[in-house]
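For reference, the structure discussed in these notes is given below.
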Amino acid sequence: MNRYLKGALARNTIWMVSGQGLRLIIQAVYFTVIARSLGANNYGAFLGVVALVGIVYPFGMLGSGNLLVKNVSRDKSLFAHYWGQALLFTLISTVVLFILVVVLSTWLLPASIPLRLVTLVSGADLFGFSLITLSGFAFQAVEQLKWTATINVLMSGARLAGALFLISLHRHPTVLQWGYVYCWTTALVVITALALVSFKLGWPKFNLQRSAHELREGFYFSSSISAQTVYNDIDKMMLARIGTLDATGIYGAAYRLVDVSFVPISSLLAAAYPSFFRKGTDGLSATLTYARRLLPRAFAYAALVSTSILLFAGLVPYILGPEYTRSVEALRWLALIPMLRATHYFFSDALTGAGFQGVRTSIQAGVAIFNVLINFWLIPQYSWRGAAWASLASDGLLVCGIGLAVVVLNRQSRNVVVNSAATAASD
């Protein structure tokens, strides 16, 4: 146990789990307060906007955070260069995306959702949350995840404080009032997060120098996260547009609970992420060995979570209120998702660490397209049930696609090694 606790991965995982555990408690209170006070209809409107922004949000950083982790985890002297580059790329691209989202919202979201809400959420998530996430990547790159965890807790804590303050003024606030609080609390955390990075790790060296290879790789990272957002969250936006806001709130609440249950596994993935890049210098077989070492316990936890969801889903209406009664069925439909995610996330990071981000992105983009098409078919007929079925099908398809890619690429890598050895022996 002493040897285990001295390891960087163990320490960082403990920091992330502790931070995420505290964040989990805060988010549970925050989620309950907001869902109950706004009601299913207003909560559904808010989720619809968040889902739309979430699709383009990853392109705000253009893969800068991932490139920061990849390069600095291998050479810490590069921090100032990649930190400054990340800030500039993020600020420039988010301006363009902000305008794009505001314009597209008039076509993609129902007219009942105020344009001002779209503006507030877009500002908070595209500008604010991008910089907060980038700050977390900065500490992740140097494996100081206690500060990444601190930033995450600050984000959730600020939103909870804002929600409680709003409820103290208005027992049942409008979704627009919540939009203002959401925006201003995010701005406060941005200032704090950037100050932490500057004082703990150093000041940035601003530059826009990025090689063609890094531009392509950054695009792959952004596309990968965007595709992940599509197959995870676009169903909420589609429910808001072609279904009802009430259905969006019911389904969104259930999905949020599943996301929260995955926090310990996402903490382990965050702690292990820099190590995947270091081990990737030895090829795919090394990252796969590392993934296989981490997966069994993560999968066991996911299985426990899935079982607990099936058994205790009936408690949801007692926590969120009677209008969320139908979330019980939605939650049970989604119960298998933690096990599916635990499987494909670790092997996906193995591909990324070994330099196969393009393959990972292609698979995720294909699943994202599949998810949109099947939702167009299922949501009009089955409402939120159709969205749940589409989510299950998409995560199952990801397990198959990533698994097949891992087998094929690993076999090809071994053949290359064998052929190289045979050629060397014959010479």
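Observations on the structure shown:
- Some residue of the range 62-82 being touching an Asp or Glu at 6+ places or on another chain (Cβ under 7 Å) and surrounded by 16 or more Cβ atoms within 10 Å (Cβ to Cβ): yes
- Test: residue in the range 334-356 that is touching a Leu at 6+ places or on another chain (Cβ under 7 Å), modelled with pLDDT under 90 and of a type outside the set (Ser, Thr, Tyr): no
- The set of residues from the range 233-283 being farther than 24 Å from VAL372 by Cβ and aromatic (Phe, Trp, Tyr) comprises TYR273, PHE276, PHE277.
- Single unsatisfied condition, SER135 versus (1) in a loop (DSSP other than H, G, I, E, B); (2) surrounded by 24 or more Cβ atoms within 10 Å (Cβ to Cβ): (1)
- The listed residue being within 28 Å of ALA141 (Cβ to Cβ), of a type outside the set (A, V, I, L, M, F, W, C) and not in a helix (DSSP H, G or I), out of LYS200, LYS205: LYS205
- Output for the range 106-123, where each listed residue is among the small types (Gly, Ala, Ser) and buried (at least 23 other Cβ atoms within 10 Å of the Cβ): SER122
- Residue within the range 187-206 that is under 19 Å from VAL101 (Cα atoms) and either touching a Lys or Arg at 6+ places or on another chain (Cβ under 9 Å) or charged (D, E, K, R) (or both) present: no
- Residue tally, condition in a helix (DSSP H, G or I) and modelled with pLDDT under 85, over the range 107-118: 1
- Selection over the range 161-173 of residues that are over 12 Å from ALA35 (Cα atoms) and either surrounded by 14 or more Cβ atoms within 10 Å (Cβ to Cβ) or hydrophobic (A, V, I, L, M, F, W, C) (or both) gives a count of 6.
- Any hit, the range 145-155, residues being buried (at least 21 other Cβ atoms within 10 Å of the Cβ) and among the small types (Gly, Ala, Ser): yes
- Flag if VAL103 is assigned to a helix (DSSP H, G or I) and surrounded by fewer than 19 Cβ atoms within 10 Å (Cβ to Cβ): yes
- Whichever residue in the range 192-221 is hydroxyl-bearing (Ser, Thr, Tyr) and modelled with pLDDT of 85 or more and, among such residues, is surrounded by the most Cβ atoms within 10 Å (Cβ to Cβ): TYR220
- Against the conditions (1) surrounded by 15 or more Cβ atoms within 10 Å (Cβ to Cβ); (2) modelled with pLDDT under 85, ILE265 satisfies every one except (2).
- Residues of the range 314-346 satisfying the condition of being assigned to a helix (DSSP H, G or I), among the hydrophobic types (A, V, I, L, M, F, W, C) and closer than 15 Å to ILE265 by Cα: ILE337, MET339, LEU340, ALA342, PHE346
- When the range 364-400 is filtered for residues that are over 22 Å from the mean Cα position of the chain (by Cα), within 19 Å of ALA335 (Cβ to Cβ) and of a type in the set (A, V, I, L, M, F, W, C), only LEU378 remains.
- Check on ARG159, basic (Lys, Arg), outside any helix (DSSP H, G or I) and more than 18 Å from MET61 (Cα to Cα): no
- Count of residues meeting criterion [hydrophobic (A, V, I, L, M, F, W, C) and either surrounded by fewer than 21 Cβ atoms within 10 Å (Cβ to Cβ) or modelled with pLDDT under 85 (or both)] in the range 273-290: 1
- Enumeration of residues in the range 227-268 that are assigned to a helix (DSSP H, G or I) and among the hydroxyl-bearing types (Ser, Thr, Tyr): THR229, TYR231, THR248, TYR251, TYR255, SER261, SER266, SER267
So that you can scan it fast, the table gives a plain yes or no per residue for (1) without any contact (Cβ under 8 Å) to a residue 60 or more places away in the chain; (2) surrounded by 18 or more Cβ atoms within 10 Å (Cβ to Cβ); (3) touching a strand residue (DSSP E or B) at 6+ places or on another chain (Cβ under 9 Å):
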| position | (1), (2), (3) |
| --- | --- |
| LEU304 | yes, no, no |
| GLY321 | no, no, no |
| ILE337 | no, yes, no |
| GLY355 | no, no, no |
| GLN381 | yes, no, no |
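- Residue check for SER348: of a type outside the set (Phe, Trp, Tyr), over 17 Å from ALA253 (Cα atoms) and in contact with a Lys or Arg (Cβ under 6 Å, 6 or more places away or on another chain): yes
The values are calculated or read from the model by the stated rules, or taken from the named source; none is laboratory data. Keep in mind that this is a model prediction, so the values were computed, not measured. Using ideal geometry, Cβ is built from the backbone for each residue, glycine included, and neighbour counts are taken over all protein chains shown.
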